[in-house]
There are 2 protein chains.
Amino acid sequence: MALTPARTMPGVLELLPLDQIAFQRMLDIIRRNYERFGFLPVETPAIEYTDVLLTKTGGETERQVYFVESTGAREKKGDDAPELALRFDLTVPLARYVAEHERELSFPFRRYQMQKVYRGERAQRGRFREFYQCDIDVIGKDSLSIRYDAEIPAVIYSVFRELAIGPFTIQLNNRKLMRGYFESLGVADAAQQMLVLREVDKLDKRGADYVRDTLTGEGFGLAHDAVEKILAFVQVRSASLQDAIDKLDALGAGPEAMEQGRAELKEVLGLIHALGVPETHYALNLSIARGLDYYTGTVYETTLNDHPQIGSICSGGRYENLAGQYTKSHLPGVGISIGLSRLYWQLREAGLVHTAQSTVDVLVTQMDEAQLPAYLALAGELRGAGIATEVVLEGGKLGKQFKYADRAGIRFAVVLGEDELAKGVVTVKDLRRGDQFEVARTELVKTLRVELEQAAAMG
Amino acid sequence: MALTPARTMPGVLELLPLDQIAFQRMLDIIRRNYERFGFLPVETPAIEYTDVLLTKTGGETERQVYFVESTGAREKKGDDAPELALRFDLTVPLARYVAEHERELSFPFRRYQMQKVYRGERAQRGRFREFYQCDIDVIGKDSLSIRYDAEIPAVIYSVFRELAIGPFTIQLNNRKLMRGYFESLGVADAAQQMLVLREVDKLDKRGADYVRDTLTGEGFGLAHDAVEKILAFVQVRSASLQDAIDKLDALGAGPEAMEQGRAELKEVLGLIHALGVPETHYALNLSIARGLDYYTGTVYETTLNDHPQIGSICSGGRYENLAGQYTKSHLPGVGISIGLSRLYWQLREAGLVHTAQSTVDVLVTQMDEAQLPAYLALAGELRGAGIATEVVLEGGKLGKQFKYADRAGIRFAVVLGEDELAKGVVTVKDLRRGDQFEVARTELVKTLRVELEQAAAMG
């Protein structure tokens with residue numbers, strides 16, 4: 001039989017086991033923190049009905065959808081349009097879920113969801129066709145207090161502090177503030193505002209003069225004064241909580257939307273402080289708009305201070321109505337998403353995550369084949385104490401067994417030979433430190449537990 | 001805009017949050033036990049190349065495959081065969097993974113994988129189109145000691161003991177033993193053996209006389225004596241380790257395959273004992289064949305003693321070569337699979353799993369809106385101590401807040417009103433026990449931790 005080359009499609013993150021362990025630890029940290037803030041787990045199927053998934057038609061997203069068809073369906077239907085598709089984000093499935101189960105849920109509904117999503121991206125370095133999203137959202141019924149907007153940054157802070165991938169800043173803006181300010185400068189139309197912001201985004205690359213020329217030129221026709229104010233606005237960053245409040249006040253009076261946005265931002269900033277997020281970890285950044293038309297109030301981006309090139313590692317915001325396509329209920333919400341596959345890949349590229357130690361704590365070596373039952377009993381004892389243990393079941397030279405442990409990232413190897421049995425001890429080889437010690441057989445579990453706790457505490 | 005009805009396709013297990021928590025706990029227990037036995041995590045993409053996935057053509061499986069196509073690919077290719085498909089199990093992706101990364105892996109390679117698989121089943125109660133499989137496999141290079149076959153039941157025991165869904169029995173057989181025994185009775189052909197076994201499977205439904213008639217009848221033409229021996233063989237069950245050994249010996253001498261199978265089973269049984277699995281939890285069952293041609297030695301099934309109608313809840317066995325379609329390397333292995341979505345559904349139908357308590361431990365109520373910063377600080381303190389905490393951010397009557405907590409499955413509600421603030425205490429309401437107590441503000445974290453640990457210990 002001719003061999004089929006074993007391969008995966010481009011754009012998927014398939015990891016070797018030790019890297020998968022590192023990835024899994026990040027997933028676990030995110031989950032633990034989401035749960036700590038009272039978010040409840042939800043999982044939805046990867047396959048949805050196409051008409052449910054694609055209610056908001058058009059745009060790049062739909063061009064990237066993966067359609068799904070079973071053999072049976074294909075034979076029956078011929079060339080009919082496919083009925084099924086893979087989810088491309090977790091927001092549409094959340095909307096569908098909340099609308100479908102509305103009467104069985106308690107509101108405000110706080111859910112987290114950490115699953116893979118699928119997009120038919122062009123094959124390109126750093127572009128993923130299958131990737132994890134780790135989302136939280138709070139959904140209100142009819143209304144949802146602005147206070148929930150303050151809780152989200154506290155979650156972000158808690159997650160990224162524990163992920164320990166370096167100093168980070170949660171950046172805040174408010175679409176109402178932005179909209180009101182632009183209105184006051186004569187840019188009232190939302191689409192026009194987005195176009196202006198797109199030009200402003202070119203500040204770094206093209207320079208201020210280029211942006212000035214474009215905005216005062218034929219296409220936009222803005223007044224010089226308005227352009228200067230816009231450029232000043234989007235460059236507002238705060239250095240502390242008080243500085244943020246001062247800078248918001250310094251913008252001067254404006255139309256209603258602006259005043260509302262300013263009041264919301266101030267309340268959010270105050271509550272973030274009450275929630276114990278250090279001032280060093282959040283800031284006003286009035287350039288943040290989030291591309292989507294979706295957001296209507298608070299918006300968030302999070303950046304690594306030492307790695308701005310990575311861009312936002314966690315983004316989101318407040319939206320007016322989650323599921324208008326499925327239900328007449330008014331369901332405002334606020335949420336964020338961490339694209340973990342992309343983040344992990346970028347962190348690895350930047351040298352910020354490393355291959356993990358193994359999840360296996362101990363290798364019980366096989367010094368003497370006749371003692372195998374004793375080795376198995378020893379392993380059972382260690383596992384019973386919660387210590388992840390592998391036993392060498394096929395012998396070989398001890399040196400080779402140590403080498404296997406070392407290569408596999410297993411820190412401790414346990415040796416129980418004739419000498420040890422006679423003395424009632426066990427030899428423990430620490431493959432990381434490169435030394436070894438003897439311990440009484442009866443003390444082994446306790447000793448290893450202490451060693452492993454110390455190792456875990458030291459990362 | 002007309003509303004789209006929010007719905008999912010049949011055959012998916014979408015759960016409400018408290019049920020999802022119960023499901024997630026089962027996943028966590030399985031993962032923890034797999035890791036405790038030294039298995040390493042692997043995740044593979046849901047989408048594979050069709051030619052990689054379907055190297056073994058034909059059969060029911062292929063008829064159930066979901067094909068995947070992006071919009072872009074469809075526009076370009078017209079009616080060409082689709083290139084992508086969703087995995088229908090975790091075994092083919094494991095074979096592909098091991099063949100693809102062979103040089104980067106250490107052998108014996110011990111991996112666990114817990115992901116969803118997809119099958120275009122007909123819509124029917126209890127049939128799933130998307131479901132979790134939780135697999136472990138040990139893959140050897142060139143050879144793999146029979147000892148690994150003994151470790152698998154120790155893992156099964158450890159998993160199902162902790163899942164605590166009632167008494168269970170791990171049932172063992174060996175395909176070589178079965179093959180050799182059938183050979184000795186003149187049924188040498190493997191396909192013929194499977195047909196005989198299929199008839200034997202009808203014992204319970206149709207009775208012994210029906211099966212006797214069929215096997216001695218025209219189609220099979222077996223001797224009466226051979227049929228009696230086959231019927232006696234497949235009814236062998238052991239009541240203890242010694243009984244298992246005795247019953248294996250009582251089968252009498254046979255051809256080489258049979259002797260090999262018997263020796264393997266004896267070694268496996270002895271090592272299972274050494275690994276500390278109680279004799280009450282495993283048994284010889286010589287009727288087990290596992291439908292697939294795939295298995296060549298030890299085979300496993302696991303049943304709940306009090307719920308035989310559920311069938312096998314964890315099955316697997318030893319196979320000769322994992323990835324012959326992708327690599328010339330000889331990769332024997334042994335493994336099992338737990339189909340968790342189906343199992344969870346069946347347990348729920350049988351009343352054996354219940355809706356969980358919430359993952360949220362504590363609700364900080366809002367007695368006095370002006371004290372919100374104090375409530376947020378209190379929540380931060382609880383979260384910092386690892387206690388999952390939700391804060392009521394929009395006020396309302398206290399009774400309504402308690403009701404929300406109760407409905408949401410949150411056990412403890414914390415009240416910090418004017419009285420409590422003046423006295424330096426906090427009132428803790430236990431919604432499960434229906435009582436409440438005061439505790440000094442400084443003692444709150446410690447007290448709740450103790451309460452939560454006790455609650456966890458009591459399940």
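Nothing in this text is a laboratory measurement; each read-out follows from the coordinates by a stated rule. Please read all numbers here as calculations on a predicted model, not as lab measurements. When we count neighbours, we look across all protein chains shown, and the Cβ atoms used for this are built from the backbone with ideal geometry, even at glycine.
Cα centroids of segment B:397-423 and segment A:160-226: 44 Å apart. Distances between copies of A:PRO167, taken at a point 7 Å out from Cα along the Cα→Cβ vector and listed shortest first: 6.4 nm. Listed cross-link partners A:LYS397/A:LYS423; B:LYS176/B:LYS328; A:LYS403/B:LYS116 are compared with a 31 Å cut-off, the Cα-Cα value being larger for A:LYS403/B:LYS116.
In chain B, helices alone account for a calculated mean residue ellipticity at 222 nm of -12500 deg cm²/dmol, with every DSSP H run of four or more residues adding -39,500 (n - 2.57).
For peptide B:44-51, what's the mean number of Cβ atoms from other chains within 10 Å of each residue's Cβ? Don't skip to the answer; put the middle values down first.
Numbers: counts 5, 10, 8, 13, 4, 6, 0, 3.
Per-residue shielding by partner chains comes out at 6.
Relative to the longest principal axis of the C-alpha atoms of chain A, give the angle of the C-alpha long axis of helix A:256-274, reported between 0 and 90° and rounded to the nearest 10°. Compared with the principal axis, the helix lies near 30 degrees. Normalised Debye scattering of segment A:128-192 at q = 0.16, 0.23, 0.29 Å⁻¹ gives log10 I(q)/I(0) of -0.87, -1.03, -1.20, counting only Cα atoms as equal scatterers and leaving out solvent.
Given the convex hull of the Cα atoms of chain B, what is a quarter of its surface area in nm²? All intermediate terms of the calculation are to be shown ahead of the outcome.
Values: hull surface 123.5 nm².
Answer in nm², one decimal: 30.9.
Going by average Cβ density within 10 Å per residue, which order do the peptides B:133-140, B:310-317 take, highest to lowest? Kindly include the intermediate steps, with their values, before the conclusion.
Numbers: B:133-140: 23.8, B:310-317: 21.1.
Highest mean packing first, the order is B:133-140, B:310-317.
Ordering A:HIS224, B:LEU15, A:GLN346 by Cα displacement along the dipole of the protein assembly as shown toward the positive end leaves A:HIS224 in first place; charges were set at the Cβ atoms of Lys, Arg (+1) and Asp, Glu (-1). Taken along its principal axes, the alpha carbon cloud of segment B:187-273 reaches lengths of 43, 27, 20 Å, longest axis first.
Each of B:TYR210, B:TYR294 was scored by other Cβ atoms within 10 Å of its Cβ. Listed from fewest to most, they are B:TYR210, B:TYR294. Give, rounded to the nearest 20 debye, the magnitude of the charge dipole that the protein assembly as shown has about its Cα centre when Lys and Arg contribute +1 at Cβ and Asp and Glu contribute -1 at Cβ. With Lys and Arg at +1 and Asp and Glu at -1, about 200 debye. For the segment A:370-382, counting C-beta atoms of other chains within 10 Å of every residue's C-beta and taking the mean gives 3.
Peptide A:359-366 is shielded by partner chain Cβ atoms: per residue, an average of 3 of them sit within 10 Å of its Cβ. Legend: ranking of residues B:PHE168, A:PHE233 from fewest to most surrounding C-beta atoms inside 10 Å; resulting order A:PHE233, B:PHE168.
Using per-residue counts of other Cβ atoms within 10 Å, averaged over each peptide, order A:249-261, A:34-46 from highest down.
Details: A:249-261: 14.8, A:34-46: 23.5.
Answer by packing, highest mean first, reads A:34-46, A:249-261.
Taking other Cβ atoms within 10 Å as a rough exposure proxy, B:ILE288, B:ILE338 sort from fewest to most as B:ILE288, B:ILE338.
Give me the orientation-averaged projected area of the Cα convex hull of the protein assembly as shown, in nm², one decimal.
Numbers: hull surface 174.6 nm².
Value for the protein assembly as shown: 43.6 nm².
Angle of helix A:372-384 to the longest C-alpha principal axis of chain A, folded into 0 to 90 degrees and rounded to 10: 30°. Working ranking of peptides A:150-156, B:274-280, B:121-127, A:404-410 by packing, defined as the average number of other Cβ atoms within 10 Å per residue, highest first, is A:150-156, A:404-410, B:274-280, B:121-127.
The Kirkwood radius of segment A:362-457, taken over pairs of alpha-carbon atoms, gives through the Stokes-Einstein law at 20 °C and 1.002 mPa s a diffusion coefficient of 161 µm² s⁻¹.
Taking every alpha-carbon pair under 8 Å whose residues sit at least 6 apart, segment B:306-356 reaches a relative contact order of 30 percent. When you restrict to C-alpha pairs under 8 Å that are six or more residues apart and normalise by the size of chain B, the relative contact order lands at 16 percent. Assuming charge only on the beta carbon of Lys and Arg (+1) and of Asp and Glu (-1), the dipole of chain B about its Cα centre is about 400 debye to the nearest 20.
Against chain B, whose longest principal axis is taken from its Cα atoms, helix B:175-184 shows a tilt of about 20°.
Hey, what did segment B:362-457 get for relative contact order, percent, Cα under 8 Å, at least 6 apart?
Numbers: 129 pairs, mean separation 24.7, N = 96.
Answer for segment B:362-457 is 26 percent.
Does segment B:77-159 come out rounded, prolate or oblate, given a ≥ b ≥ c as the square roots of the eigenvalues of its C-alpha gyration tensor, rounded meaning a/c under 1.5 and, failing that, prolate meaning a/b above b/c? Oblate, since a/c reaches 1.5 and b/c is not below a/b.
For B:ASP368, the label point sits 7 Å beyond Cα toward Cβ; its separations from the matching points on the remaining copies run 7.3 nm, from shortest to longest. Distances between copies of B:ARG290, taken at a point 7 Å out from Cα along the Cα→Cβ vector and listed shortest first: 4.9 nm.
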